[in-house]
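Here's a structure for you.
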Amino acid sequence: MTELSQAVAAPVIDQADAQRHRAPFIWPLEVVAAGLLVAIILLLLTGVTSRYVFSLPIVWIDEATSTSFLWLAMLGAALAIDRNEHLRLTLFIGMFPSRPRAVVEAFALVAAAVFLAAMLYPAIDYTMEESYVSTPALNIANSWRVSAIPFGIATMLLLTLRYALRICAPRDLLLAALAIGASAVVFWLMMPVFKGLGYGNIAVFLVGVVVVCLVAGVPIAFCFGLGTLCFLTFTTTVPTLVMIGRMDEGMSSLILLSVPVFVLLGCILDATGMGRAIVDFLGSLLGHIRAGLSYVLLGSLFLVSGISGSKVSDMATVAPALFPEMKRRGYKPKELIALLATGAAMAETVPPSIVLIVLGSVAGVSIAGLFTSGFLVAMVLLLVLAILARWRARGELLEAVQRAPLSVIGKTALVAAPALVLPFIIRSAVGGGVATATEVSTIAVLYAMVVGIVLYGGIGWRTFYGMLVETAALSGAILMILGTALAMAWALTQTGFANQLALWMQSLPGGWISFMAITIVVFVILGCFLEGLPAIVLMAPLMFPIAKKLGIHDVHYAMVVVTSMNIGLMAPPIGIGFYIACKIGNVSPDEAMGAIWPYLLALIIGLIVIAAVPAISTVLL
């Protein structure tokens, strides 16, 4: 998974409190969601086996998986509300005194409920419209698939209201409702003014409303949804039914089927200890040299990311295994956090990165090309971080450190071998065109399950069920963001702003170099405020066509975008990923903040090299 982890944002619902006050209808939703995920994996494996082993494609599998996938997304989005896994920005909420903070929290919940309530009837209407459309292979009404949208919206609305009424004071809810109602009245009265604002409406609604909601702690998916809803309602005559259609499009792409499967793969990695086996092997190989454990940390993040696809999972696997010994050798905790955070940012382009899969989906870029290029780009960033780590480790205490015996190296290599093979299987299969990312993800899950059971201690049924539910919830949170972000990107495109932006950027002096510099600045800033996926879904439809007109290779541009965004994600004082690294390493952000800047500078140097030398991204294509 990516950055789409529940750890990337602060809670909408306290976890312990949520367990005590869970809605009675949650467990059936969990069972159904877990069953749908298993069904999707089995259907995909059946399709792969039939196509490659028996040369007999099963034409109805895509439709069956598409229907199951949308239901999984909407049920998962509902579970994410109950499980505290919808992403939101909480940096500013903590700055409020306790009394105003209570009102702001109530505002966030009421705003989310207003969006869901406003979308419910259009979702029902959309489902009724789709009842007249039959699927080509199964020959059933498409309403069976899209009815997941109103069901999910209604369930999310019920859960949000239930929590708001239980946790917020009635006075705070009333104040929040009055503030939102007054804003709606003001917008309605100003509709004649908005009609003459032109592109100014973008600043008011698609920027202003979204920013206010982000600052208030509204989940990111609903921030984009509210901005788009207000824009369409108060400045256009476009029915909100169209917005539901765009959300459906954003959540239903078959390419995105690999997202929940790779999320599950990351869970299996954690549960089986495959990632720890890689760390142990690299530690036995390099742990005795100066900066050796820094190299192990960076190399482990590189390789483990190639299995899990999740920055949070990567950091949580590597940090506990290496930090105690690194501290004994004289590393300061703040240096460890800096290396951990920037190492995780470096590894984002290593397949199977969910960010790359989503980027390929929304920007129309070859996922095989992205996976092939991502390895080399990450190696460039790995090199600059390793050089800096070597210089910073010049005072490392190595007196009591001994080289591991060959027998230990051989034993750890044997244990780690099945795990080490997996990232190369994924890259080779997708990059070589042997199978799609979705097909490879299912094969990788099957491989990891078998290897985990045979060599790494196995996974209990209760644990496996918990992994399925966690995957469903996290995938729902991700896909809900993609749906609303794509709706917002569509609304932005319809204004004609994208064409004007393209013309302006093409007229800049310096050509593609100036455009690339602007790209780096824009995505570093967006990475600070937004988790990777919403930033990509929002901006990719605008920026990639411009890059293409300027002659920039789409894979090269994608590498610059993803790297820039991840530098921003780890940049204090706003970057969300930085705080997650501090949480995993149990180090105060204030203590770690000063140490991370040299490492971020090293990443920026690597990024400039990647941006200036297109061959780094394209030589292997």
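The values are calculated or read from the model by the stated rules, or taken from the named source; none is laboratory data. Please read these numbers as outputs of a predicted model, since none were measured by experiment. A quick note on method: Cβ atoms are made from the backbone with ideal geometry, for glycine too, and the neighbour counts reach across all protein chains shown. Just so you know, the surface numbers come from the protein's heavy atoms only, side chains and all, with ligands and any DNA or RNA stripped out. Shrake-Rupley method; radii C 1.70, N 1.55, O 1.52, S 1.80 Å.
Starting from segment 80-102, take each residue that is of a type in the set (S, T, N, Q) and list its partners that are modelled with pLDDT of 75 or more, counting only C-beta distances under 8 angstrom and pairs at least six apart or across chains.
T90/G217
I've got another one for you. In segment 548-568, what residues are in contact (Cβ under 8 Å) with a residue 60 or more places away in the chain, over 13 Å from V613 (Cα atoms) and surrounded by fewer than 23 Cβ atoms within 10 Å (Cβ to Cβ)?
D554
Scan segment 558-580 for residues that are more than 29 Å from P545 (Cα to Cα) and among the hydroxyl-bearing types (S, T, Y) and report the count.
1
Could you list all residues from segment 97-134 that are of a type in the set (S, T, N, Q) and surrounded by fewer than 18 Cβ atoms within 10 Å (Cβ to Cβ)?
Listed by number, the residues that qualify are S98, S131, S134.
Sort out which residues of segment 576-588 are open to solvent by less than 40 Å² (accessible area, probe 1.4 Å) and more than 30 Å from A615 (Cα to Cα), and write them in order of number.
Answer for segment 576-588, where residues must be open to solvent by less than 40 Å² (accessible area, probe 1.4 Å) and more than 30 Å from A615 (Cα to Cα): I576, F578, I580, A581, C582, G585, V587.
In addition: Using the structure shown, decide if I180 is of a type in the set (V, I, T), surrounded by fewer than 23 Cβ atoms within 10 Å (Cβ to Cβ) and modelled with pLDDT of 90 or more.
Taking the combined requirement at face value, the residue satisfies it.
In contact with a Gly (Cβ under 6 Å, 6 or more places away or on another chain) and open to solvent by 10 Å² or more (accessible area, probe 1.4 Å), is that true of L286?
Taking the combined requirement at face value, the residue satisfies it.
May I ask you to list pairs of residues, at least six apart or on different chains, whose Cβ atoms are under 6 Å apart, with the first in segment 596-607 being closer than 11 Å to I387 by Cβ and the second being open to solvent by 10 Å² or more (accessible area, probe 1.4 Å)?
Short answer, once both residue conditions are applied: A602/V384; A602/L388; I605/V384; G606/V380; G606/V384.
Taking V146 as the residue in question, decide whether it is closer than 15 Å to G245 by Cα and free of Cβ contacts under 8 Å to residues at least 12 places away in the same chain.
Answer is no for this residue.
Table: residues versus (1) closer than 25 Å to Y126 by Cβ; (2) surrounded by fewer than 22 Cβ atoms within 10 Å (Cβ to Cβ); (3) without any contact (Cβ under 8 Å) to a residue 60 or more places away in the chain.
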| site | (1), (2), (3) |
| --- | --- |
| C168 | no, yes, no |
| A184 | yes, yes, yes |
| G200 | no, yes, yes |
| C213 | yes, no, no |
| F222 | yes, no, no |
| P239 | yes, yes, no |
| R246 | yes, yes, no |
| I255 | yes, yes, no |
| G275 | no, no, no |
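Sort out which residues of segment 511-530 are open to solvent by 50 Å² or more (accessible area, probe 1.4 Å) and at pLDDT below 85, and write them in order of number.
Answer for segment 511-530, where residues must be open to solvent by 50 Å² or more (accessible area, probe 1.4 Å) and at pLDDT below 85: just F529.
Hey, does segment 465-487 have a residue that's modelled with pLDDT under 80 and open to solvent by 40 Å² or more (accessible area, probe 1.4 Å)?
no
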